[in-house]
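Just below is one structure, and these are the notes that go with it.
Nothing in this text is a laboratory measurement; each read-out follows from the coordinates by a stated rule. What you see is a predicted model; the values in this text were computed from it and never measured. Glycine also receives a Cβ, built like all others from the backbone with ideal geometry; neighbour counts cover every protein chain displayed.
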Amino acid sequence: MAQGNDLIIRIGGEGGEGVISSGDMIAQAAARSGLEVLTFKTFPAEIRGGYAMYQTRFSHETILSEGSGFDVVCCFNQEALDMNRKSLRQGNALIYDFPGGDIAEEQNIPGVHCYPVPMTKIAKEDLATPRSKNMVALGAIAELYSISMTSLKETVQEKFGKKGTEVVEVNYKALDAGAQHVRQNIKKADPFKMDPGTPKQDVIIISGNEAVGLGALLAGVRFFSAYPITPATEVAIFLARHLPKFGGNLVQAEDEIASLANVIGASYGGVKSMTSTSGPGLSLMQELIGMASMMEVPVVICDVQRGGPSTGLPTKHEQSDLFLAAHGCHGDASKVVLSPEGVEDCVYLTVEAFNIAERYQLPVLLLSDGSLGFRTSSMKKPDPKNIRVENRKTVSGNGEGFERYALTESGVSPMAIPGTPGCAYISTGLEHAPSSAPRYTAENHTAMLDKRFGKLKDLEDYFGATEADHQDGAQLGVIAWGSTIGTLREAVKIARAEGAKVAALYPKLVWPLPVKALNAFGAKYKKILVPEINKQGQLARLIQGETELRPISYTIYGGLPFTPRQIADKIKEVLK
Amino acid sequence: MTTATEPLKVKDFKSTVPPTWCPGCGDYGVLNATLKAFADIKLDINNTVLVSGIGCSSRFPYFVKTYGMHTAHGRVLPVAAGVKLARPDLRVVAFGGDGDGFSIGGGHVPHVVRKNTDLTYILMDNSIYGLTKGQTSPTSQTGMVTVTTPYGSPDNPVNPLAYCLTYGATFVAQAYSSKPKIVEDLVKQALNHKGFAFVNIISPCPTFNKINTFDFYKDMIEDIPADHDTSNLQAALAIALRAKQGKVPVGLLYKVEQPTLLDRLGEIRKKAKASPDYDINVIIDDYRP
């Protein structure tokens, strides 16, 4: 990693030991001091116990991914040390709780800078506040890597201020004690440090899940219903706090079937509505996704993917719901699937999801994922004035000649919102005539399916160009989706720096596929590589089925995202 | 439409779609009496949504001039709740049968009930699956022989009245489709109730249920005593449990006033200081580091 400009610090310990909260604080503090940050956390599905990890990447430039490995790791206990020992590389730094903590032996790892900091002992014996161990560690980290202590203390004040000055003081003391220990006892030998940044006014730091909620508010959501599920719950938590301020209603439904049912009813009533879930919930919603498609009711469903099938790996990363999102539910159901690359996308693609749902009157799925949902990242502050919001076509007037499912040129038929005089109609999951009356004739079913799919014919153009990063003379083009895009961007930089010629395509519209863009990209490059985090190579197979491309599928499925290094190595391997 | 001074009639609410039910179906009586209740309360067809699930009785909305949704099997209540929560200004009435409401959709009932969701729920109970041509339903009696239970049904029936009462329903009534005056009266009361109102209407299926016929019910139907205290939950439960003695009590079992879901969501909005002009920049700025 470039010294002074790009640094990755990992903190590991037992769930419940303050790993996540200290990680949050260091990220906040760094962002406050003007640095770009991007975090990555893994934690057990259980509330207490088990290994928890929080990694923060700091930079002066936009950060594209979690990065490849880490520079510094801080271990709160023996398990964390064991978990990370094999990842330690030449030149890394290890900060660990010793002596007096869970780690029994002094560490002397060849090529690794080892800094023992008696976190437990300082917290317990010197400060008599055993729970402040994580803050002692933070103080040590800040001192070693020039993370602004002022910003860290401001963050502490903000986080604990409500609990009273005593709590704030305890944390200040722990931070100072950690820093002081480093000054007095440790001779820093590694080259890592973060040059201070310039605090920015136009930046926010927000998680992927919160960003989805913010996007929904910007799009004008006024009804939200969901059932708690890891790793999607924070979308509902964000909106539970904020949606009522705008006069909207949020309810916690009895299950995911009910939450989507609520949302369909609400949207039929003319109100922009949304739900969020993860794989198991999306499985339960399938019948009603088909109903929304059949009834042509705009709904937005955010699926924060996790490891599956079944209960799977609730807190781990996977991109394995694409088939379900694209091809789920019985019958031929038209729907749209978008997938955000990063936190900023979580805001703007959610707005786009609403726009598409409203414009085409159908369900739109937003496929986020666990590592993106939990990721906190700095981003440019959104300006609500620059948000384009589209609303569904509706009818007004006396309803003369109104047909809810009229066959129009675009395939989109204006909706009557209940309350519109003379336009009463029955929205139905049965196949229906333009008037909305049930009709099962061959001609009608054919015409109606053609309408529901045909209305998407201009979707690729409406959604906008698919970003491509071309390179003259390249033989290989790489296509990624979702949060793998950020990793691919960085992998392309690495591979090019190492002499590889490679192009990349970054589709955010993943169903129906942007076929024109894919074919144009495929025509330029002899080989196409599709890295993704699932067993079956889901995007690769969809591309194979829908386009002229014949991609090489590159999949990993261990519950973690790719590192840029992994993809860069694969690029070089394919080019060999 | 008629002018405001003329009383509204059933025909003012009837759509042009003729009912698809078999001749002799109990649901005709429910439809007619319900439309009378609509006329009585001068229901506003442009601001009413009738929501149903799947089944014979769930075809109900097609036969009425209002807005409507014919949804998926078992999902009538959460869809109806969504309409009402998004558009409190609309009147939302849910319709369905015993299979839709208490089998496939049974998991939704406790929650719509305990939240006192602002809905009227009219259930036509024929103790059979008619649209699939005669299988045992959640209100069928134990031992009932149907095509899927040729040796007799091994299952005990649910008691829809006791079910709703124990989950905290604020309005529970039962009617019988052969007694249209009572149906009309109870539906009207349910429509005027603030909060979740449940009317279970015994509505025999002459085609597929050869046991629970109009004849079968003749001696079982009993009026709820005039002196029954409709605010007494224990007394209401005792009436609901008359089913154990083979009786079908008809009338209003229970009615109390309690805060509804919309009331409580209103309180939440008040606590959140809701305003249509709330500035989203306040939230965005909260995320500045």
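Scanning the range A:381-392 for residues that are touching a residue at least 12 places away in the same chain (Cβ under 8 Å) and within 11 Å of another protein chain (Cβ to nearest Cβ) gives A:Lys381, A:Pro382, A:Pro384, A:Ile387.
Which of the residues that make up the range B:64-106 are in a strand (DSSP E or B) and among the aromatic types (Phe, Trp, Tyr)? Passing the criteria: B:Tyr67, B:Phe95.
Filter the range A:393-417 for residues that are within 14 Å of chain B (Cβ to nearest Cβ) and in contact with an Asp or Glu (Cβ under 9 Å, 6 or more places away or on another chain) and give the result. Matches in the range A:393-417: A:Arg404, A:Tyr405, A:Met415.
Residue by residue, here is whether (1) crowded, with 24+ Cβ neighbours inside 10 Å; (2) out of contact with any His (no Cβ under 9 Å at 6 or more places or on another chain) holds:
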| residue | (1), (2) |
| --- | --- |
| A:Arg306 | yes, no |
| A:Gly312 | no, yes |
| A:Thr315 | no, yes |
| A:Phe323 | no, yes |
| A:Gly331 | no, yes |
| A:Glu344 | no, yes |
| A:Tyr348 | no, yes |
| A:Arg359 | no, yes |
| A:Leu362 | yes, yes |
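So that you can scan it fast, the table gives a plain yes or no per residue for (1) touching a Gly at 6+ places or on another chain (Cβ under 8 Å); (2) more than 14 Å from chain B (Cβ to nearest Cβ); (3) aromatic (Phe, Trp, Tyr):
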{"site": "A:Val167", "(1), (2), (3)": "no, yes, no"}
{"site": "A:Ala174", "(1), (2), (3)": "yes, yes, no"}
{"site": "A:Asp190", "(1), (2), (3)": "yes, yes, no"}
{"site": "A:Met194", "(1), (2), (3)": "yes, yes, no"}
{"site": "A:Gly197", "(1), (2), (3)": "yes, no, no"}
{"site": "A:Asp202", "(1), (2), (3)": "no, no, no"}
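Does A:Gly164 count as of a type in the set (Gly, Ala, Ser) and over 28 Å from A:Phe192 (Cβ atoms)? Criteria met by A:Gly164. Among the residues of the range B:52-89, write down those that are charged (D, E, K, R) and farther than 12 Å from B:Thr117 by Cα. Matches in the range B:52-89: B:Arg59, B:Lys65, B:Arg75, B:Arg87, B:Asp89. Considering only residues in the range A:235-269 that are within 7 Å of chain B (Cβ to nearest Cβ) and of a type in the set (Gly, Ala, Ser), the one that is farthest from the chain's Cα centre (by Cα) turns out to be A:Gly269. Only one entry in B:Leu252, B:Leu262, B:Leu237 is more than 14 Å from every other protein chain (Cβ to nearest Cβ), under 20 Å from the mean Cα position of the chain (by Cα), part of a helix (DSSP H, G or I) and in contact (Cβ under 8 Å) with a residue 12 or more places away in the chain, namely B:Leu237. When B:Val83, B:Val10, B:Val93 are checked against the criterion of being closer than 30 Å to A:Asn398 by Cα and within 7 Å of another protein chain (Cβ to nearest Cβ), a single residue qualifies: B:Val83. In the range B:138-196, the residue that is farthest from B:Met220 (Cα to Cα) out of those that are aromatic (Phe, Trp, Tyr) and surrounded by 17 or more Cβ atoms within 10 Å (Cβ to Cβ) is B:Phe196. Could you go through the range A:40-62 and let me know if any residue there is of a type in the set (Phe, Trp, Tyr) and within 14 Å of chain B (Cβ to nearest Cβ). Yes - at least one qualifying residue is present in the range A:40-62.
The strands (runs of 3 or more DSSP E) located wholly in the range A:180-266 that include 2 or more residues which are in contact (Cβ under 8 Å) with a residue 12 or more places away in the chain and of a type in the set (A, V, I, L, M) occupy A:203-207, A:249-252. Taken together, B:Gly53, B:Gly101 contain a single residue that is within 21 Å of A:Gly290 (Cβ to Cβ) and more than 8 Å from chain A (Cβ to nearest Cβ), which is B:Gly53.
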